[in-house]
Amino acid sequence: MKILVLGPGAREHAIVLALLAESADHEIVCAPGNAGIAASGVETPELAYTDPHAVAAFVAERGFDLVVVGPEAPLVAGVADPLRAAGVPVFGPDAAAAQLEGSKAFAKRIMDEANVPTGRAERVAGVEDAGRVLDEFGAPYVVKADGLAAGKGVLVTSDRDAALEHVATWAPHGDVLIEEFLDGQEVSLFFFADGHDVVALTPAQDYKRIFDGDEGPNTGGMGAYSPLPWVADDFVEEITRTVALPTVRQLEAEGTPFVGLLYCGLIVTATGVRVIEFNARFGDPETQVVLARLESPLSRYLLAAATGELPAQPAPEFSEQPAVIVVVASEGYPGEVVTGRALTGLDEAAAVPGVHLVHAATKRDAEGGWIATGGRVLGVVARGDSFAAARERAYEAVALIGLEGGQHRTDIAARVA
Ligand code: AMP
Ligand code: GLY
C-alpha cells in the first residue's frame with residue numbers, strides 16, 4: 001500500500017516503524033515527519049499538516065491508499081473531513097467526532113448519554129461559581145479547561161487558591177470543568193474504531209509527571225510500559241463493553257461516526273474503572289510500547305477501520321514480551337526548554353539488544369551529528385523476557401545518550417519489575 005502518515009513526533013515514528021516491520025512492502029511517506037523518521041528511510045516532505053486544504057491538495061496530487069492522522073491538532077482542525085469526502089480511506093475521525101478529545105464538555109455529554117462510567121463533573125462560569133463547586137467536591141481538586149491545551153489544561157491540586165487561579169486563567173478561553181478526584185492507577189487502552197465496531201489493542205501505563213515518584217508538573221508523558229500485569233483478566237473485555245463500544249455507538253447514533261483510534265484514559269478506582277479522558281488518536285508515548293508488542297500487521301487494522309471492515313479481521317496478536325519506553329527530555333521541560341544542544345551516543349544506544357529509538361524532536365547538524373530541538377527529544381524503547389530485563393536494557397541505552405541538561409525518569413516500570 002501507499003500510506004501517508006501525518007505528524008511530526010515520536011508517535012508517528014512508532015507508527016512508521018510498525019508499518020516498515022510488516023512483510024508487505026509498503027510505500028510510506030510521513031509528513032512532515034522528523035529527522036529520526038527520515039533516518040529510518042522514509043520520505044518526509046514538508047507539509048502544513050494541520051491545514052485541511054494543504055493536506056487535501058497533497059493527497060490529491062500524490063495519491064494514497066490510506067492516510068493515517070497522528071496528532072489531535074489536525075483532527076480537530078478537520079484534516080480528515082475533505083479526504084473522507086473525496087473517498088480516500090482515512091484513519092482518524094472527522095472534526096465532529098474529534099470533539100471527543102477537543103472538548104471535555106462534549107466528551108462528558110457523550111459519556112452521560114451512553115452511560116459510560118466517569119467522574120462527576122460540573123461546568124463553572126467563573127471564579128465565584130468555582131469556589132462553590134470546589135467546596136462541594138472537596139480536595140484534592142481537579143480543574144480542566146474544555147479545549148485542547150497541549151497538556152496544560154488540567155490541574156490536580158489540594159491548594160484551593162491554585163485551583164481558583166487555574167479557573168481564572170482558563171475561563172476567558174472557554175468552558176472550565178471541575179471534576180471529582182479519582183484515586184487509583186491509570187491505564188491507557190486503545191481501540192481501533194470503524195464508526196460502528198471496535199477492536200482493542202493492549203493496555204499500557206503512562207508516566208505523566210516530570211519527576212520520579214510522580215512528582216512535579218504534568219508533561220506529555222515521560223515513559224510507559226505494556227502489558228499491565230496487575231489488571232484483571234477480563235479488563236479489556238470489560239472496557240470494550242462498558243466504555244469503547246457504547247461511546248462509538250453513541251457517536252454513530254448522533255450522526256458523527258468515530259473512525260480512527262479511540263484512546264480511553266482510565267483510572268482503576270476501588271469502586272470500579274472510570275474514564276478520565278478520551279483522545280481521538282494514538283497516545284504518546286504509550287503507542288511506542290503497544291506497537292512494539294504488536295505482532296499482527298498494523299496496516300490491516302488501520303485500513304479496515306478506515307473502510308468500515310473491522311469485524312472481518314482476526315484479533316490482533318501481541319508479544320508476551322514486555323516493552324518499556326523511557327523518554328529523554330531537554331533541560332527545562334515541561335517549562336521553558338533549552339534547545340539546540342548536541343545529542344550523542346544514539347548509535348551505541350540503539351545497538352543495545354532489544355532496544356530501538358523513536359525520535360520526537362531532533363535534527364542533524366552539518367557533520368551528520370544530532371541536535372535536540374524540543375522538549376521531549378526521543379524515546380528509548382526496550383523489550384525483554386521480563387520487565388526487569390526490558391528496564392535494564394532501556395536504562396543501559398539511556399546511559400549511553402549524551403545531552404547536556406537532559407532529563408529522564410529513573411522509575412519507569414519499576415512498580416512491575
Ligand atoms: P487529562 O488531560 O484529562 O488526561 O488529565 C491529565 C492528568 O490529570 C491525568 O493523566 C491524571 O493523572 C490527572 N487527572 C485527570 N482527571 C483526574 C481526576 N478526575 N482525578 C484524578 N486525577 C485526574
Ligand atoms: N500520553 C498521553 C497522551 O498521549 O495524551
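Bear in mind these aren't lab numbers, they're just calculated from the coordinates by the rules spelled out. No experiment lies behind these values; they were computed from the predicted model shown. Here the Cβ is made from the backbone with ideal geometry for all residues, glycine too, and neighbour counts use every protein chain on show.
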Given (1) hydrophobic (A, V, I, L, M, F, W, C); (2) under 22 Å from VAL42 (Cα atoms); (3) crowded, with 17+ Cβ neighbours inside 10 Å, identify the lone condition not met by ALA417. (2)
With criteria (1) crowded, with 17+ Cβ neighbours inside 10 Å; (2) within 15 Å of ligand 1 (Cβ to nearest atom); (3) of a type in the set (A, V, I, L, M, F, W, C), ALA139 comes up short on (1)
Among the residues of the stretch 201-253, write down those that are more than 20 Å from LEU378 (Cβ to Cβ), among the acidic types (Asp, Glu) and touching a residue at least 40 places away in the same chain (Cβ under 8 Å). GLU252
In the stretch 290-318, which residue that is part of a helix (DSSP H, G or I) and of a type in the set (Gly, Ala, Ser) is farthest from ligand 2 (Cβ to nearest atom)? ALA312
Requiring at least 3 residues that are more than 15 Å from PRO140 (Cβ to Cβ) and touching a strand residue (DSSP E or B) at 6+ places or on another chain (Cβ under 9 Å), the strands (runs of 3 or more DSSP E) wholly within the stretch 159-233 are 185-194, 198-200, 223-226
Of those in the stretch 251-289 that are away from ligand 1 (no atom under 16 Å from the Cβ) and in a helix (DSSP H, G or I), the residue surrounded by the most Cβ atoms within 10 Å (Cβ to Cβ) is GLN288
Assuming GLU179 fulfils every condition listed in (1) surrounded by fewer than 17 Cβ atoms within 10 Å (Cβ to Cβ); (2) away from ligand 2 (no atom under 16 Å from the Cβ) apart from one, which condition is it? (1)
